[in-house]
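A.B. asks: The structure that follows is given in the form of structure tokens.
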Amino acid sequence: MSVNVEVSEVLLGIADLLELKSERFKPEAYRRAARSILGAGEDLRTLRQNDLLGAIPGVGEAIRRKIEEYLDSGKVEYYERLKQEIPPGVLALMRIPGVGPKTASRFYRELGIDSPAALLDAIGHDRLSGVAGFGPRKIQNLRRDLEKASGTVARRLPLRTAWAIAQGVVRAIVAAALVDQVEIAGSLRRRRESVGDIDILATSGSPGAAIETFAKLPGVRQIVVKGETKCTVILDPGIQVDLRVVPPESFGAALQYFTGSKDHNVRLRTWARERGLKINEYGVLRGEVRVAGATEEEVYRALDLPWIPPEIRENQGELDGAALGRVPSLVNLSDLRGELHQHLLGSDGELSEMAAGATRQGLQYVGVVLPGPHEGTDWTRRVRRLRSEWPAKGGPAAPRLLVGYEAPLGEIEAMRELPPGVDYLVGLPGDGTPRPPAPAPTERVPFFPWFLGHLRFATDPSEPIGERASPWIEWGRNVGVALEVTPDGPMDGLDSGSIRRAVDAGTSLVLSAGSKAVGDFADLELSIGLARRGWTHADRILNAAPDPASGRPTNAR
DNA sequence: GCCGTTTTCGGCCCGACTGTTTTCAGTCG
Ligand SMILES: Nc1nc2c(ncn2[C@H]2C[C@H](O)[C@@H](COP(=O)(O)OP(=O)(O)OP(=O)(O)O)O2)c(=O)[nH]1
Ligand SMILES: [Mg+2]
Ligand SMILES: [Mg+2]
């Protein structure tokens, strides 16, 4: 587990314990610091070396000291002391839906209940009925959730999985024809590598009917909450989906609210308040008068801010930049000229499908990557056939074919010339490869265009990707090789923190579609999103260039 | 505990939904 995750968990634990002690403001301060550390995208040890721990938003003197204590000793004394005061099972009570610090501490203090199992037992023995504030509905809901939740852990979903499910839900909502505008919001719109739930915003002339329809969608296992403007359901695989419905004139304000992040929202709302304005999901208000709300641009403009791309709304400096009129210019889907990591499956007509898919996506070239061996007549035949069967005669719009050769990194590194018919190389470091080879002396490095592909720095989601990616990023810059970004996450390819470090270091990137079907380039949108989260400009991206295989070094030195 | 587009001290975002209440606390987004 990365040290950032470990420290975040300690801080969240402190927050829970303080909240059980009815402490005000401190719990939120610890939670904000924890979120900020996760979103920082830089290893805490590195930040500490550069004396930058205090630069993390929400980390001040006291939390900085606790982080240092953890880095030095693996423990935080304050946390250990707090834990002595409250049994661990009481914290587990707070994970039950609808049970917060107030309820959990009442269970413990008034009824001696110190774990979810003890709660279920108490309900079984009817010890809750008659206790003030616990009516039959609450008891019934608790029983249901306790029986259901035993053994299950709340898990976050990989971006790509959530994206596919969300598309399906959106299609179903649109098909029901009760909504006008629909947009995916929340962490999915911000393209976080993993998301806790799926958030969807809609406008509708008949919000009540829209919500009823949503709650009855096929695959809905449980309706968690359902009201006039919002509905939360659990889908069959145990995935939570939040739908929020607002009137059209509030769409922009609601999208801004529902996209988050929470810390971005809170900061924005605080700025508004300081200017005598109020921001909520219905608009920006001066007194009773709404001065903005239909579009996000309006909302930000009401605070004299430029629109901020969703992918960087993490309160990690984007607001301070925007206040100075500075918003980074990020790579767009339309900047991509091609895709460099397609494989052949051997199916009939796959090349025309691939070319057609590329054309639909507006791509000018497609790189088909062949595995070895690259010698002998067999290889020559494969390449010749590929080139001759590529539908080049499809008119001026037809994408060009590039041919790549992929092999284990050691083989690629040792190559002194490109195999016959090949335009570029793809080096495969292998799963979990901890360190790159020593950089070759400059004069021995031929300037072939190439990149590192199929990156898998972790073989388990708990492993620290960012930490393992760092030496490769540096190596990539020094050797002049790009690193691949795929939409798969969070274990494959680069995470956005690593991407941001790569951008800062001057390492180039290749954005791939991770195609699961021939000619399917749609998930390039997710790779773009990850690159945007890493504050990437188009000039850092190899396949945003008109001719990525021109033979130039892939990086400016 | 953190922080500064009038504060280095005094504030700390704002609203929906539920269950229980006879007017709102708690939880969640
Ligand atoms: N103003 C404000 N907005 C919030 C708050 N909590 C959540 N939001 C907004 C911003 C979030 O991005 C959005 C959706 O909430 P979620 O809990 O689903 O969070 P998010 O999607 O960002 O992350 P997730 O991956 O779901 O954990 O609602 C809050 O306390 N205040
Ligand atoms: Mg969410
Ligand atoms: Mg949500």
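A.B. asks: Note down the nm distance, to one decimal, between modelled labels 7 Å out along Cα→Cβ at A:E61 and at A:D520.
C.D. replies: For A:E61 paired with A:D520, the spin-label model returns 5.6 nm.
A.B. asks: What's the angle, to the nearest 10 degrees (0 to 90), between helix A:159-175's Cα axis and the longest principal axis of chain A?
C.D. replies: Computed tilt is about 70 degrees.
A.B. asks: Can I ask one more? Taking the Cβ of A:D335 as the centre, find all other residues whose Cβ is under 12 Å away and add up their charges (Lys, Arg: +1; Asp, Glu: -1).
C.D. replies: Counting the neighbours of A:D335, the net charge comes to +2.
A.B. asks: Now for a separate question. Obtain the nm distance between the two label points defined at A:R385 and A:E183 by a simple spin-label model: each point lies 7 Å from its Cα along the Cα-to-C-beta direction.
C.D. replies: Going by the 7 Å Cα→Cβ label model, 4.9 nm.
A.B. asks: Looking at the range A:281-436, what % of the alpha carbon pairs are farther apart than 24 Å? Before the final figure, lay out the partial values.
C.D. replies: Numbers: 6976 of 12090 pairs.
Percent of Cα pairs beyond 24 Å in the range A:281-436: 58.
A.B. asks: Still on this structure, please answer the following. Hey, can you grab everything whose amide H is under 5 Å from the amide H of A:H537? Only 5+ residues off in sequence or another chain; H modelled, so Pro and N-termini drop out.
C.D. replies: A:V331
A.B. asks: Right, here's the next one. Taking all pairs of distinct Cα atoms, average 1/r, flip it, and tell me the Kirkwood hydrodynamic radius of the range A:7-80 in Å to one decimal place.
C.D. replies: For the range A:7-80, the Kirkwood estimate is 12.2 Å.
A.B. asks: Something else now. Taking a threshold of 19 Å on the Cα-Cα distance, which of the pairs A:K26/A:K262; A:K26/A:K102; A:K102/A:K138; A:K66/A:K102; A:K21/A:K102 fall above it?
C.D. replies: Working: A:K26/A:K262 17 Å; A:K26/A:K102 16 Å; A:K102/A:K138 15 Å; A:K66/A:K102 27 Å; A:K21/A:K102 9 Å.
A:K66/A:K102, as the Cα separations exceed 19 Å there.
A.B. asks: Next question, about the same structure. With θ taken as phi - 60° and the coefficients 6.51, -1.76 and 1.60, list the Karplus ³J(HN,Hα) couplings across the range A:91-104 in order, rounded to whole Hz; mark glycine and proline as x.
C.D. replies: Residue by residue, the range A:91-104 yields 5, 5, 4, 5, 7, 5, x, x, 9, x, x, 5, 5, 4 Hz.
A.B. asks: Two decimals, Cα atoms only, Kirkwood Rh: what is Rg/Rh over chain A?
C.D. replies: My calculation of the ratio gives 1.00.
A.B. asks: Calculate how large, on average over all directions, the projected area of the Cα convex hull of the range A:269-340 is; give the answer in nm² to one decimal.
C.D. replies: 6.2
A.B. asks: Computed FRET efficiency, Cβ-Cβ of A:E474 and A:I139, R0 60 Å: what is it to the nearest 0.05?
C.D. replies: Plugging the Cβ-Cβ distance into 1/(1 + (r/R0)^6) gives 0.55.
A.B. asks: How large are Rg and Dmax for the range A:319-377 when only the alpha carbon atoms are used, in Å?
C.D. replies: 18.7, 62
A.B. asks: Let me ask another. Report the gain in length on full extension from A:V291 to A:R326: 0.36 nm times residue separation, minus Cα-Cα distance, nm rounded to one decimal.
C.D. replies: My answer for the length gained is 10.2 nm.
A.B. asks: Please work out the FRET efficiency for the pair A:K262 and A:T377, using the Cβ-Cβ distance as r and a Förster radius of 56 Å; give the result to the nearest 0.05. It would help to have the intermediate numbers written out before the result.
C.D. replies: Working: r = 61 Å, r/R0 = 1.10.
After rounding to 0.05, the efficiency reads 0.35.
A.B. asks: From the backbone phi of the range A:535-540, what are the Karplus-calculated ³J(HN,Hα) couplings (6.51 cos²θ - 1.76 cosθ + 1.60, θ = phi - 60°) in whole Hz, Gly and Pro given as x?
C.D. replies: 6, 8, 8, 4, 6, 8
A.B. asks: Using alpha-carbon pairs under 8 Å, 6+ residues apart, how would you state the relative contact order of chain A in percent?
C.D. replies: Normalised by residue count, the contact order of chain A is 11 percent.
A.B. asks: So, one more: What ranking do A:423-432, A:175-184 get when scored by the average of other Cβ atoms within 10 Å per residue, highest first?
C.D. replies: Order by mean packing, descending: A:423-432, A:175-184.
A.B. asks: Further question: Under the 0.36 nm per residue contour assumption, what length would be gained going from the current alpha-carbon distance of A:W271 and A:K216 to full extension?
C.D. replies: Gain on extension, A:W271 to A:K216, equals 15.8 nm.
A.B. asks: In square nanometres, what is the average projected area of the Cα convex hull of the range A:186-263? Mind showing how you got there, number by number?
C.D. replies: Values: hull surface 21.4 nm².
The number I arrive at for the range A:186-263 is 5.4 nm².
A.B. asks: As I understand it, the value is the acute angle between the Cα axis of helix A:3-20 and the longest principal axis of the Cα atoms of chain A; what does it come to in degrees, rounded to 10?
C.D. replies: 10
A.B. asks: Turning to a different aspect of this structure: For A:E110 and A:L333, compute 0.36 nm times the residue count separating them, minus their Cα-Cα distance, and round to one decimal in nm.
C.D. replies: 74.5 nm
FYI, it's all coordinate maths here, none of it is from the lab. Since we're looking at a predicted model, the values are computed, not measured. Note: ideal-geometry Cβ built from the backbone for every residue, glycine included; neighbour counts use all protein chains shown.
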